[in-house]
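The values are calculated or read from the model by the stated rules, or taken from the named source; none is laboratory data. Fair warning: this is a prediction, and the values are worked out from it, not measured in the lab. Please note: Cβ atoms are built from the backbone with ideal geometry, for glycine as well, and neighbour counts cover all protein chains shown.
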Amino acid sequence: MSDQHILKDQRSEIDRIDKEILDLLHKRKEVVQDVLKRKVEKQLPVFVAKRESEKTESFREEAQKRGLDPDWAEDFLRMVMAASRAAQSAQTFPSSTEDTKHILYVGGEGGMGKLYRNFTEHSGHKAYSIDKGNWYQLEEIAPKLDMAIITVPINITVDVINRIAPKLSPDTILADFTSNKAEPLQAMLDAHPGPVVGLHPMHGPDVPNLSKQLMVICEGRDSGKAEWFKKQCVLWGMRVIEANPEKHDHVMNLVQGLRHFVALLHGSFMKEFDLNPSEMLDYSSPIYRAELMMTGRIFAQDAELYADIVFANRERRDLLLSFFNHQKKLMEMVENDDKKGFVREFEAVTDFFGKFASQALTESSYLINRLADRFS
């Protein structure tokens, strides 16, 4: 008798239970839609961290009572909640103001411009887009504007600021989405006499929704007049932090400049030695697969964009030169077969990372295990 026949009844029962799970998920979705509708009516944020944290902890406890792995249960719940938030992207969002705000996105046909135009309009505000092809419309649009956001490539941001600022009303808030903050912020302050604020959405244009995404805000002039936009970001479910522009840029030099150049170094070396990424996957551990995917995703995007990021300013380029000089010191270990030197440096870095190393081990292990389970 085959295994299929022996296990027929059990497998039928599993199939029935799975359908019940889907039915319950569908019912949950309907309740969630009602919740979202009420959030819009009451002007409540889509994502509430405290509620999600409490819900997650309770779910873990209930899972453990039933003999289920609480970590697995949390993963399941978070996927369900993420799907609920994603569904909101096609719905109406609560508005941070009683009156309709008029927001211009300069470069509004680009990825970030389109994304935020969509959320702006779904929140009851009026979104405008100015790009190369319709710059002539600015004269007509400008008097209506409560806010103008510059969302163009880094290398032309200052030029666009200087071009658009004279057209704006002194009451219009001028802002930018650039990943550098100090230079564009100063350019806006110099060019525009009205309210100025620097913004940096810490995500790309391909996110399914804005829940849990980070918006960095740098004060410029009369930034309090943009409080309604900050509140709107919170209602979209975003995390909002305020930052000093110079401190922000110093950190971004490492987060963006160095990280992206190291990706180029990795990819360029693979190309030089004909290390085909598809073939390397066959011999990859889950952790290297994750590293390879993080490298590969960069080369699926625009080269000009990454060149602008890497060569954004003198400080960023100086950091890269310091990186190369430091690398020369480490090269001497290899040239001299200095295993002891390697161990000393490794242990020194371990001391520097401190408790973060344990956190990194825990979080990366989670990612690696999920990646291996999903794509192996």
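Tell me the residue from Asp176, Asp159, Asp146, Asp171 that is surrounded by 23 or more Cβ atoms within 10 Å (Cβ to Cβ), in the same structural domain as His203 (by TED's automatic domain parsing) and among the charged types (D, E, K, R), please.
Asp176
Which of the residues belonging to the range 129-186 are under 24 Å from Met252 (Cα atoms), part of a loop (DSSP other than H, G, I, E, B) and not β-branched (Val, Ile, Thr)?
Pro153, Phe177, Ser179, Asn180, Lys181
Looking at (1) farther than 20 Å from Leu321 by Cα; (2) touching a residue at least 24 places away in the same chain (Cβ under 8 Å); (3) small (Gly, Ala, Ser), which is the one condition that is false for Ser278?
So Ser278 meets the others, but not (2).
Give the residues of the range 97-127 that are polar (S, T, N, Q) and under 21 Å from the mean Cα position of the chain (by Cα), sorted by residue number.
Of the range 97-127, the ones polar (S, T, N, Q) are 97, 100, 118, 120, 123.
Across the range 97-127, the qualifying residues are Asn118, Thr120, Ser123.
Within the group Lys340, Lys271, which residue is farther than 30 Å from Ala73 by Cα, exposed (fewer than 10 other Cβ atoms within 10 Å of the Cβ), at pLDDT 90 or above and of a type outside the set (S, T, N, Q)? If you could, list the steps in order and put the result at the bottom.
Working: Lys271 fails: exposed (fewer than 10 other Cβ atoms within 10 Å of the Cβ).
Of the residues listed, the single one that is farther than 30 Å from Ala73 by Cα, exposed (fewer than 10 other Cβ atoms within 10 Å of the Cβ), at pLDDT 90 or above and of a type outside the set (S, T, N, Q) is Lys340.
How about the range 297-316: which of its residues are part of a helix (DSSP H, G or I), of a type in the set (D, E, K, R) and without any contact (Cβ under 8 Å) to a residue 12 or more places away in the chain?
Within the range 297-316, Arg297, Arg314 qualify.
Here are Ser58, Ser89: which of them is of a type in the set (S, T, N, Q) and either in a loop (DSSP other than H, G, I, E, B) or modelled with pLDDT of 90 or more (or both)?
Values: Ser89 fails: either in a loop (DSSP other than H, G, I, E, B) or modelled with pLDDT of 90 or more (or both).
Result of the check over Ser58, Ser89: Ser58.
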